[in-house]
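Just so it is clear, none of the values below were taken in a lab; they were calculated from the coordinates. Quick caveat, the model's predicted, so the values are computed rather than measured. Positions of Cβ are backbone-derived with ideal geometry, glycine not excepted, and every protein chain shown enters the neighbour counts.
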């Protein structure tokens, strides 16, 4: 397995009614320390989300997911959490919470290219 890099990822989920524990996968967050990589990507199927939960506020959901991306990249406007190191940001974003936007448990794997792996997981688990 030489040349392979350990990575961790979680599936980003939308759970409109937390008490029901029903969710739709909307994105992936992936962290690879050796490649200094932390990024999240999401896709919203608005028709599917509205069918799943007619009362969901899509604009608010988009804002929350964009904040997730900004924190991942430590981008401007990511607040104090966005200033943490990559590992701490990943742990904070994937921590268990009772909110509409949640993450699955963290899963490990090995990859050659973190970006390529992120896009492959997104295609397989979200699209």
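Some points to look at:
- With contacts taken as Cα pairs under 8 Å at a separation of at least 6 residues, the chain carries a relative contact order of 37 percent.
- Only DSSP H runs of four or more residues enter the estimate; each adds -39500 (n - 2.57), and after division by the residues of the chain the mean residue ellipticity at 222 nm equals -10000 deg cm²/dmol.
- Which of 88, 53, 98, 74 has the fewest Cβ neighbours within 10 Å, and the rest in rising order: 98, 88, 74, 53
- Listed from fewest to most Cβ neighbours within 10 Å, the set 39, 4 follows the order 4, 39.
- Sorted by Cβ neighbour density within 10 Å, fewest at the top, the residues 73, 15: 73, 15
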